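Novice: Before I ask anything, let me first share the structure, which is written out below as structure tokens.
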Amino acid sequence: MTDAVVSFVLENLKNLLIHEVNLFRGVKNEVNLLRSDLGFMNAFLKDSEGKEANHHLVKELIDQIREAAFDAEDVINRYMAQVVRQRVRNLPKKLFHCLDHAAELHRVAEKTTSLRKRIENIYANKTTYGIEARSHGDENAEQLLEELGSLFFFTSYFDHNALERAVKNFRFIRSLSFEVSNIHHSLHRIPEEIGQLVFLRYFKISVTYAYVWLKAIPASICKLPYLETIHVQAWIEEGLPKEIWIMKQLRHLYVGHGIGLPQPPSKGGHTLSNLQVLCRVEVDKKTAILFRKSLFPNLRKLHLSRSHTCLIDQSMVSEILASLESSQYLQILKLERLTIGSLSSLSSSKLTKITVLNCNSVDLISLGKLANLQILKIKRCDISSRQLHFMAGEFPQLEVFKMIGLRDIESWELETDAMPNLQHLVIKRCTSLRNLPDELWSLANLRMVQVSDIEADLKEKLMIKQSELKEDGYSCKLIIN
């Protein structure tokens, strides 16, 4: 029997109990027994798949398992919420609430024992009636489970009151997302009470057409023990709270319109050790120091941008890029609105994708030394040289190369054995470019070349080349828009 809802709940409860067993010291034995029972129930559901059965008996069994599983989840969630509240209290408050805490432990023990009796009764009924189940879906119940675990708002304008209602009425949700469709410039606050959503793992505010102004991200959100993703497409007036450095579990931090990083506390040990995605950081004079200290040891993706409040010259940017050498797992880098110069300091990195957007003085040729680079996108940038000359052995792993809006480039030369793995080339709005290198068409792996908004003479040459490629049966597609 396959019941997607029940199997999902039981599997998550089992994992929850395994990883959070330290929270249940007062009722450890009872909770472990409940975990074992739930594990057997989940195994029964998987082992029974495809077997014939009476439909009504199977439905009754599934209903009973589902109800028991949801009740168990409710008991565990409420207890965990109580434990988390107790943990964050200072010593006087812990002493004041110790009787409440003990009473909650006692209630959980009683409810756990009651649940185990219900599960035993379910097993007894299964044996008595010889129930075997067949596979069937339960889409309505699955949808209900998703609604219980996640809360999504789709609205024309950011609704602060809706957020407050969500915080008040949906205390156990794991995902909270606002999708805003229209321009709205009002200054809003995220309520401090969001810190009461103790099981929240994912928080997002996104805007389809414009942006939202937020006063601040409250410090209380940083104390949520399971929050892994903060995704806010907004202008944030007061920046990130300094408490962000205590979020050891944080994996994804995205602020669409840029934000500065606060300085970590003077005492050591404040690293965002699980952070993998960091977008979009407005760099300043202290940014290089943060990376040199290896405060983001597992970072995979990084977006750096010019600050609105601090002037950054080319030497500072070079210092910041050099500091990324300590980010040994960094694979994806995006640079925006910076004066860059040479990128040779990245030559020893493991970067596989680089995007450079609206930057000045970009030394494109210096990127040829990156041994692992597979995707390179250069868009609306001022290039330091009008002639591109890629030498043999450069860009050894590059597969995708996009040049968009590079109006200063006039010529491009490509030596034999340069870009040997190139598969996809895009050239758009490079209005001064007079040629594509002949060696390009000898690349064995090249599959598609797309050009658009180019100089008329070059377009005419490429149309002749397009006809020749078709006549020769060449596998590469040349698309001229």
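The values are calculated or read from the model by the stated rules, or taken from the named source; none is laboratory data. The structure displayed is predicted, hence computed values, not measured ones. Note: ideal-geometry Cβ built from the backbone for every residue, glycine included; neighbour counts use all protein chains shown. The protein model used for the area step is the full one, side chains on, heavy atoms only, and it has no ligands, DNA or RNA in it. Shrake-Rupley method; radii C 1.70, N 1.55, O 1.52, S 1.80 Å.
Novice: I'd like to check one number: the per residue accessible area of segment 291-403, probe 1.4 Å, reported in Å² as a whole number.
Specialist: Result: 43 Å² per residue.
Novice: What's the local net charge at L302, with K and R +1, D and E -1, over the other residues with C-beta under 10 Å away?
Specialist: Here the charged neighbours net out to +4.
Novice: Which distance in nm do the two modelled labels at M448 and Y226 give, with both placed 7 Å along the Cα-to-Cβ direction?
Specialist: 4.1
Novice: Here is a further query. Work through the residues other than R380 whose Cβ is under 12 Å from its Cβ and net out their charges, Lys, Arg +1 and Asp, Glu -1.
Specialist: Net of charged neighbours comes to +4.
Novice: Also, quick follow-up: Assuming R0 = 30 Å, what is the FRET efficiency of M463 and S177, from their Cβ-Cβ distance, to the nearest 0.05? Mind dumping the intermediate values first?
Specialist: On the way: r = 48 Å, r/R0 = 1.59.
Efficiency computed from Cβ-Cβ geometry: 0.05.
Novice: A further question on this structure: Between N435 and M391, 0.36 nm times their residue separation minus their Cα-Cα distance comes to what?
Specialist: Numbers: separation 44, 0.36 × 44 = 15.84 nm, distance 1.70 nm.
Answer, rounded to one decimal: 14.1 nm.
Novice: Leaving out ligands, DNA and RNA, and with a 1.4 Å probe, what % of the accessible surface on segment 372-481 is carbon or sulfur?
Specialist: Carbon and sulfur together cover 43 percent of it.
Novice: I've got another one for you. May I ask for the distance between the Cα centers of segment 292-342 and segment 350-367, given as a whole number of Å?
Specialist: 12
Novice: Return the FRET efficiency for the residue pair Y474, Q314: r is the Cβ-Cβ distance, R0 is 30 Å, and the value is rounded to the nearest 0.05.
Specialist: 0.10
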